[in-house]
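Written below as structure tokens is the structure these notes are about.
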Amino acid sequence: MALPSGLDSPSHDDPLVPYAAMRAQQTLFDVRNGVGAPVSGYDELFDAAGQIRTDWQELAECVTDRGRAGLDRLRAVVRDLVDNDGITYSGSGDESGMPGPWQLDALPLIVSAADWNRVEAGLVQRSRLLDAVLTDLYGERRLITGGVLPPQLLFAHQGYVRAAQNIEIPGRHQLFLHGCDISRAGSGEFVVNADWTQAPSGAGYALADRRVIAHAIPDLYEQIGPQPASPWAQALRLALVDAAPESAEEPTVVVLSPGIHSETAFDQAYLAGVLGVPLVESADLVVRDGKLWMRSMGTLKRVDVVLRRVDAAYADPLDLRADSRLGVVGLVEVLRRGAVTVVNTLGSGVLESPGVMRFLPALAEALLGETPLLPTVPMYWGGIDVERSHLLTHLSSLLIRPVAGGEPIVGPDLSARSREALAARIAATPWQWVGQELPEFSSAPADYLPGGLSLSPVGMRLFTVSQRSGYAPMIGGLGYLLAPGSAAYDLNSLAAKDVWVRTPARVTAETVVVPPPEDALPAPITASPTHEISSPRVLSDLFWIGRYAERAEHTARLLTVTRERYHEFRRRQAMDGSQCVPVLLAALGDITGTDTGAGDHHEMVATAPTTLWSLTADRHRPGSLAQSVERLGSAARAVRDQMSNDTWMLLSTLERTLLHAGDSPPESQSEGETFLSSTNTVALAGLLALSGVIAESMVHDVGWTMLDIGKRIERAQVLTALLRATLTTARPPEAEQTVIESTLSVCESLVIYRRRNPGTISVAGVAELVLFDAENPRSLVFQLDRLRAHLKSLPGSSGSSRPERLVEEIAMRLRRVEPDDLDDVAADGSREELDELLSGLHTALRDLSNLITATHLALPGDMQPLWGPHERRVVPA
């Protein structure tokens, strides 16, 4: 085999920078073994003479020009862009279950055009081969009956799905998506380490990584001009539409996700957003009349194609795993009828079997009459005597994989006793084991950790998608830095890398745009039939986004005002105005439902610093600002495909600000005060910006309507709770004034109140503005008007639904009240009529929320027949 071009010695005319010369200028490329496995293979950056390879020259110059300080800034920019785009990975989260930030190296992995041509040819061939294997294994099984593939390697693997036998998806290929992990061996040859065919993950991350790195280093991106990866997403979308059953005129495509707690939830949601199709979970889908449907505001919408990210075994609790809560009951039967297409098809995970991988060269010869262009890491099956002998002899230097599937065993990590035990297991059931040579990795420059560049081991995950004419590869893919030590042998990684494939020189020299012939143009895609579909689950998450965002904003305002009043009066507690401090602290307790020391004013004031800290930063305390922001983020991630990119920039800022502080204040009082002041300011600014983005950037469809319904209900509820906690007890004039002004500040209505009521303070005036003024967007009447309009606009609204009637009843109750009557004070100092009104309104609003949840957001609990109304399954006696 010819050596890769990267190994060729450069000509003397090439302006290469010697390694030693670069080190003399900048001590940047310090080779360290602290990141990843030991570097001892092919060097992507330097050739054998210590010179920088031609394809890496621009990157080396960019690094040298930036210097250490510039690289530190670049790393910070990448980290901020990842946060701002909300790119997360649950595998890097904390013990709370919150996903952690995606780890992305700032420097791309560069692949020459010549190398990529060889990789692409081998990758496409491998996809064709695996497709042929999959077609045979669930069809005629000539590979089994002809003795090419031992049957136990098929039937023993956990990825084999017996129920999928003879289920075929439309089109020429049964393997729809293929993920392939490759690395470069010491010889410079690319080798396959693993295939991913169950539900390949990472394509969404690859597309998101390109967006981040292109924004972080636009000068280098423009200079190198890597081939774009985005056309692959269009190819995927067209392939999904093309995979629909023939009966589908305007196919509806969905991405089926295990849910927000999946490790790769971002990957699934981002891909759904790029494709422009709904991201759904099992609760959103139902089988009726032998077809698959998606729930949408009390109606059902037909689903034609499902891009599956749920493992096949969990896809249908009726025919597969009965304990699954991730699948759809009856999905297998719908597949058998050909009424829906699921890709990757059920049972495709068997292609990930190490046993199948061992026999791929023979399978290629039998099915294609070809030799694999991309070799597989050498493997040894215990079912063959010679290979079993080699496996047992070299246990300490192999990766041992169970044929049935499961975690591999890293031979170098085994103790002598463990090796003996494993050897005995292999000798007892040799066919159940495959030994694999340890993967080799090339090294490339990385700037993932502070302290200087390193040459770290790297690999790539590449992707293809089926087309009518073959398979379309993503140009580039998901690069990664390998984890330290033996964890690298199982392809565990520390961080991702964007993969830049260079454009061939003949293309960059002269670009000629030739319009394709008319018959080569893809058929136009009509408007998506899913653009107005919102399942009860999605609407529920949007409803709670509205509620949590409003709750967090109100809490931030109340905390800010309470802290200001505390500092104003903490050394002047003898003044009547100081009574506002315990009143506001009690209001915090009432609204959040937690104990703030109510009843003992001295205790409340004494513990105010701890209370204010806890209600700001302790995400475990119910009703705290941090908890509201945490739940806001969680709800938003559950419907990521519904939210704009700007949303994540604001949410990430809020989460960075609030979710990483301790549960208790620091010992330094000044440090704690500085934190609370800056945190409340940043949080309130972020929440106001988020409100603006939602109002101005989201399409005002049924999803936005439900979000705004949640916002209006929450604003109305916290308003009635706040007024009841602060205004239903009469106080001395100075105390009354400070309490009322504080309340108006929390309601963002103090300025307009002073303009309308110069020099006067009265509860009646407050009620007129924040309860009855239909022009004040903070008033209760305004919220009711918006709720009335929103409920009327919902699909299926009759004008007299239970939620609509309840809103009218609340509004009628308000219309019967005179504001002046609310200022009346009883003998015991209470404003009874105001208290009764606010209590009744608060209860009615809570009932309204529950009613909307029950009528619009709840999933139906009744069981329906899976088959058509005139069909019954015949069960043999």
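Give me the residue from region 281-290 that is surrounded by fewer than 19 Cβ atoms within 10 Å (Cβ to Cβ) and of a type in the set (D, E, K, R) and, out of that set, nearest to Val538 (Cα to Cα). Ranking the qualifying residues of region 281-290, first place goes to Arg288. Within region 257-271, is even one residue crowded, with 24+ Cβ neighbours inside 10 Å, closer than 30 Å to His157 by Cα and among the charged types (D, E, K, R)? Yes, region 257-271 contains at least one residue that is crowded, with 24+ Cβ neighbours inside 10 Å, closer than 30 Å to His157 by Cα and among the charged types (D, E, K, R).
Pairs linking a residue in region 62-88 that is within 16 Å of Thr657 (Cα to Cα) and of a type in the set (S, T, N, Q) to a residue that is in a helix (DSSP H, G or I) and at pLDDT below 90, with Cβ atoms under 7 Å and 6 or more positions apart or on different chains, are Asn84/Trp648; Asn84/Met649; Asn84/Ser652. I'd like the residue in region 539-597 that is within 30 Å of Thr705 (Cα to Cα) and touching a Pro at 6+ places or on another chain (Cβ under 7 Å) and, out of all such residues, is modelled with the lowest pLDDT. By that ranking, first place goes to Gly593. Pull up region 343-375, narrow it to residues that are touching a Pro at 6+ places or on another chain (Cβ under 9 Å) and closer than 23 Å to Ile167 by Cβ, then point me to the one that is surrounded by the fewest Cβ atoms within 10 Å (Cβ to Cβ). Per the criteria, the residue is Asn344. Here Pro777 qualifies as free of Cβ contacts under 8 Å to residues at least 60 places away in the same chain, within 30 Å of Val538 (Cα to Cα) and part of a loop (DSSP other than H, G, I, E, B). The set of residues from region 584-620 being in contact (Cβ under 8 Å) with a residue 24 or more places away in the chain and within 19 Å of Gln717 (Cβ to Cβ) comprises Leu584, Ala586, Ala587, Leu588, Asp590, Ile591, Thr592, Gly593, Thr594, Leu615. Got at least one residue in region 364-381 being assigned to a helix (DSSP H, G or I), in the same structural domain as Gly470 (by TED's automatic domain parsing) and more than 40 Å from the chain's Cα centre (by Cα)? So far as region 364-381 goes, yes, one or more of its residues are assigned to a helix (DSSP H, G or I), in the same structural domain as Gly470 (by TED's automatic domain parsing) and more than 40 Å from the chain's Cα centre (by Cα). Only one of the numbered conditions (1) within 24 Å of Gly459 (Cα to Cα); (2) surrounded by fewer than 17 Cβ atoms within 10 Å (Cβ to Cβ) is violated by Gly146, and that is (1). Within region 752-772, the set of residues being free of Cβ contacts under 8 Å to residues at least 40 places away in the same chain and surrounded by 19 or more Cβ atoms within 10 Å (Cβ to Cβ) comprises Tyr753, Leu769. When you check Val212 against the structure, is it assigned to a strand (DSSP E or B) and at pLDDT 95 or above, yes or no? Taking the combined requirement at face value, the residue does not satisfy it.
Among the residues of region 696-751, which ones are of a type in the set (A, V, I, L, M), surrounded by fewer than 19 Cβ atoms within 10 Å (Cβ to Cβ) and in contact with a helix residue (DSSP H, G or I) (Cβ under 6 Å, 6 or more places away or on another chain)?
If the condition is that a residue be of a type in the set (A, V, I, L, M), surrounded by fewer than 19 Cβ atoms within 10 Å (Cβ to Cβ) and in contact with a helix residue (DSSP H, G or I) (Cβ under 6 Å, 6 or more places away or on another chain), then Met698, Ala735, Leu750 are the ones that fit.
Among all residues of region 796-819, there is at least one that is under 23 Å from Pro733 (Cα atoms) and surrounded by 13 or more Cβ atoms within 10 Å (Cβ to Cβ). When restricted to residues that are part of a helix (DSSP H, G or I), in contact (Cβ under 8 Å) with a residue 40 or more places away in the chain and of a type outside the set (A, V, I, L, M), region 392-420 contains 3. Evaluated against (1) without any contact (Cβ under 8 Å) to a residue 60 or more places away in the chain; (2) closer than 30 Å to Asp284 by Cβ, Arg570 falls short on exactly one condition, (2). Filtering region 258-272 to residues that are of a type in the set (Gly, Ala, Ser), out of contact with any strand residue (DSSP E or B) (no Cβ under 8 Å at 6 or more places or on another chain) and on the phi < 0 side of the Ramachandran plot leaves only Ser262.
Residue by residue, here is whether (1) surrounded by 23 or more Cβ atoms within 10 Å (Cβ to Cβ); (2) more than 25 Å from the chain's Cα centre (by Cα); (3) not hydroxyl-bearing (Ser, Thr, Tyr); (4) not assigned by TED's automatic domain parsing to the domain that holds Tyr205 holds:
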{"site": "Pro226", "(1), (2), (3), (4)": "no, yes, yes, no"}
{"site": "Ala235", "(1), (2), (3), (4)": "no, no, yes, no"}
{"site": "Glu249", "(1), (2), (3), (4)": "no, yes, yes, no"}
{"site": "Leu279", "(1), (2), (3), (4)": "yes, no, yes, no"}
{"site": "Met294", "(1), (2), (3), (4)": "no, no, yes, no"}
{"site": "Thr299", "(1), (2), (3), (4)": "no, yes, no, no"}
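Of all the listed residues (Arg79, Arg128), the sole one being farther than 29 Å from Val191 by Cβ and assigned to a helix (DSSP H, G or I) is Arg79. The sole residue among Gly327, Gly338 that is crowded, with 24+ Cβ neighbours inside 10 Å and outside any strand (DSSP E or B) is Gly327. Would you call Ala444 farther than 18 Å from Asp115 by Cα, modelled with pLDDT of 75 or more and either among the small types (Gly, Ala, Ser) or in a strand (DSSP E or B) (or both)? No: the conditions fail for Ala444. Among all positions in region 752-762, there is no residue which is in the same structural domain as Ala735 (by TED's automatic domain parsing), in contact with a Ser or Thr (Cβ under 8 Å, 6 or more places away or on another chain) and among the aliphatic types (A, V, I, L, M).
Among the helices (runs of 4 or more DSSP H) contained in region 659-774, which hold 1 or more residues that are among the small types (Gly, Ala, Ser) and in contact with a Phe, Trp or Tyr (Cβ under 8 Å, 6 or more places away or on another chain)?
Values: elements: 669-697, 702-727, 733-746, 750-756, 763-770.
Filter on region 659-774 gives 669-697, 702-727, 763-770.
Looking across region 167-211, the residues that are under 19 Å from His157 (Cβ atoms) and of a type in the set (Val, Ile, Thr) come down to Ile167, Val192, Thr197.
The values are calculated or read from the model by the stated rules, or taken from the named source; none is laboratory data. Every value quoted in this text rests on a predicted model; they were computed, and no experiment measured them. Note that we place each Cβ from the backbone using ideal geometry, even for glycine, and neighbour counts take in every protein chain shown.
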